[in-house]
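Report on the following structure.
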Amino acid sequence: MRFLPAIALIVFTNVTVLQAGPDASIPDIVRAQPYKAARASSNNPTGANHDSRPIAPGQTLELADLEGPGIIRHCWFTIYPKDADYLSKLILRIVWDDAKAPAVESPWGPFFGLGHDECADVTSAPIVVMAGKAQYIHYPPGMAAFNCYFSMPFRKRARITVTNTGEQEVHAFFYHIDWQRHERLPEDVYYFHARYHTEMTSPGQLPDDRNTTAENNYVILDTKGAGHYIGGTLHVEAHKDEKGKWYEGDEMIIVDGEPLSEAILGTGSEDYFGMAWGCRRWFQSPYCGTSYHRWHPDEPEMLHYGKFSVYRWHLPDPIPFKKSIRVTIEHGHNNDAANRYASVACWYAQQP
């Protein structure tokens with residue numbers, strides 16, 4: 001007991017020294033901000049309460065056409081759908097600086113961590129969803145609030161659209177696009193990208209040999225140029241008759257064409273997505289977790305099959321690349337599980 005005061009004194013002294021840097025104790029939030037805050041929204045200019053826009057089947061709704069330079073910092077949406085499958089029928093696209101192709105292109109649900117046409121709460125650092133049935137009987141189930149906190153800089157222009165590929169009208173689409181007007185952006189600022197990919201593999205299509213090349217893996221991202229990978233969402237529909245376990249698939253991330261021996265290699269899908277011993281339950285944290293899991297407590301085998309959505313954000317640990325990056329993951333251990341996969345990869349790139 002005599003040593004406790006000395007130990008307390010040492011801890012207090014260390015904390016004091018760590019905070020003694022020239023600006024370490026002054027957070028950015030208390031400094032003058034070098035931008036003007038702005039918003040594009042579905043606000044009704046007449047002042048009425050109908051602050052939304054309908055989207056007819058086949059129609060594309062332009063949410064914003066912003067003049068840069070600027071940075072989008074937060075997006076909020078809520079949707080009154082008539083189609084139960086609206087999460088896969090609405091397509092989000094963002095074009096930077098009049099580029100010929102969108103930098104962001106994805107079905108609505110997978111971008112927000114929901115890949116099976118069902119809403120669920122998502123609580124992560126860049127993506128937040130509040131789901132659940134409304135209390136009013138005339139509201140359909142599946143309505144939710146969607147939030148995106150990815151920083152999205154642009155130099156000249158930002159155009160954001162949503163396309164309804166379904167056969168029924170979206171009765172009401174509400175949105176806020178919160179962004180900052182800047183006088184200029186540094187030259188080393190990169191553009192945000194997000195891309196959807198899906199693949200259905202039937203039993204017997206996967207090779208029998210051991211996976212030592214990453215060539216037969218599920219490809220999450222394969223792109224060229226300079227940038228840094230910041231993670232994404234993965235959605236798996238695991239078949240009950242498959243012997244292999246999807247969550248035993250290792251991630252293999254090849255940067256700038258390096259040999260596989262120099263690649264970033266994992267020990268299993270559940271490990272990469274921040275879990276362990278399988279995808280056993282709902283779990284969410286700022287940077288990794290489960291955003292959807294059709295799990296049955298009376299069926300232990302449901303740990304191996306069913307519908308799963310998981311996410312991993314490399315915001316504290318982005319993976320930079322100068323020439324190219326190829327992000328892949330095995331279909332189970334040594335590609336022994338044929339299932340349906342879908343994913344949304346997110347990264348920053350030098351080109352828009």
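FYI, it's all coordinate maths here, none of it is from the lab. As the structure is a computational prediction, the values presented were derived from the model and not from experiment. Please note: Cβ atoms are built from the backbone with ideal geometry, for glycine as well, and neighbour counts cover all protein chains shown.
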Along Cα→Cβ, 7 Å out, is where each label goes; now give me the distance between the ones at Ser261 and Ala32 in nm to one decimal.
-> 5.6
Cross-link pairs Lys100/Lys224; Lys36/Lys156; Lys36/Lys322 - those with Cα-Cα distance over 21 Å | Lys36/Lys322
Output the peptides 343-351, 147-155 sorted from most to least packed, where packing is the average of other Cβ atoms within 10 Å over each peptide's residues.
-> 343-351, 147-155
The Cα radius of gyration of region 36-181, divided by 2.2 N^0.38 Å with N its residue count, comes to 1.02
